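The values are calculated or read from the model by the stated rules, or taken from the named source; none is laboratory data. Being a predicted model, the structure only gives us computed values, none of them experimental. No Cβ is skipped: glycine too gets one built from the backbone with ideal geometry, and neighbour counts run over all protein chains shown.
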Amino acid sequence: MGDTVRAGEVLISGLIMSQLPEPELGQTGVSPSPEVQARLVRARGIVRARVWYEKVQEFSCRQVRELPTGQKMTAVLLHTPDRSFILKGPSRPPYKNYQQERQIFALPSWRNFTFPVELELVTYTEIQLWQQQLGYEEAVKIAANQALLELKARLPAGVSISGQKITPLSEPGAETARVRVWLEVEEDIDKVVPLNGTG
């Protein structure tokens, strides 16, 4: 109990080694080495251990968000194998800051003939950039919460968390908060490995 174990280490074994009775002295007066006999049995047990999960997470103190203004424009283009034509709408993005969505449609075939042209709809949505400067401590807290959520999502089912540790890796005043988070859990680490032979 309390020992450190490594992956693949045998903790409960079904292999029992027994020593046979020593034979009588021979003519030389020297007793031969005792023989050892191996026997396989069915072994059972529960192995619970403290396991540590670790993650390093970063979060910028300067946050930039994109907010749609509600303004949209759509351009309709016709593409042929040789060139493209603008059928409707702007020929270039009409906004300084925008999001772009493309949809391409092939014309339906007629009498087993497929027209080598495509229609493309390009929708431009105007966005406004919104910036926010967070304090260093707040950025550390957000980074730690993100790391904790990801670590908890990786935990096996049924484990219990026995402790956690959060260590900032960046200096106060840095533009990016960087933290290391550990979770200590208690979990079953046993894995059944069959032995050759019959038990």
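Remarks
So that you can scan it fast, the table gives a plain yes or no per residue for (1) part of a helix (DSSP H, G or I); (2) within 30 Å of GLU58 (Cβ to Cβ):
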| residue | (1), (2) |
| --- | --- |
| PRO81 | no, no |
| LEU87 | no, no |
| SER91 | no, no |
| GLN99 | no, yes |
| ARG102 | no, no |
| PHE105 | no, no |
| PRO116 | no, no |
| GLN128 | no, yes |
| ALA147 | yes, yes |
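- Take the conditions (1) in contact with a strand residue (DSSP E or B) (Cβ under 9 Å, 6 or more places away or on another chain); (2) assigned to a loop (DSSP other than H, G, I, E, B); (3) modelled with pLDDT of 85 or more; (4) not basic (Lys, Arg); ASP190 misses just one of them, which is (3).
Here's the yes/no breakdown for (1) in contact with a Pro (Cβ under 9 Å, 6 or more places away or on another chain); (2) surrounded by 13 or more Cβ atoms within 10 Å (Cβ to Cβ); (3) not assigned by TED's automatic domain parsing to the domain that holds ILE166:
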{"residue": "VAL56", "(1), (2), (3)": "no, no, no"}
{"residue": "SER84", "(1), (2), (3)": "no, no, yes"}
{"residue": "ARG102", "(1), (2), (3)": "no, no, yes"}
{"residue": "ALA106", "(1), (2), (3)": "no, no, yes"}
{"residue": "GLU120", "(1), (2), (3)": "no, yes, yes"}
{"residue": "TYR124", "(1), (2), (3)": "yes, yes, yes"}
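- Criterion applied to ARG83, ARG65, ARG39, ARG92 was being closer than 30 Å to PRO168 by Cα, of a type outside the set (Phe, Trp, Tyr) and at pLDDT 55 or above, and the one residue passing it is ARG65.
- Any hit, region 44-52, residues being modelled with pLDDT of 95 or more, in a strand (DSSP E or B) and surrounded by 12 or more Cβ atoms within 10 Å (Cβ to Cβ): no
- Selection count, region 102-120, where residues are out of contact with any Leu (no Cβ under 8 Å at 6 or more places or on another chain) and modelled with pLDDT of 95 or more: 0
- Cβ separations smaller than 6 Å between residues 6+ apart or across chains give the following pairs from region 77-99 residues that are under 30 Å from GLN128 (Cα atoms) to residues that are among the acidic types (Asp, Glu) and surrounded by 14 or more Cβ atoms within 10 Å (Cβ to Cβ): LEU77/GLU120; TYR95/GLU126; TYR98/GLU126.
- Considering (1) part of a strand (DSSP E or B); (2) modelled with pLDDT under 95, the lone condition that THR123 does not fulfil carries the number (2).
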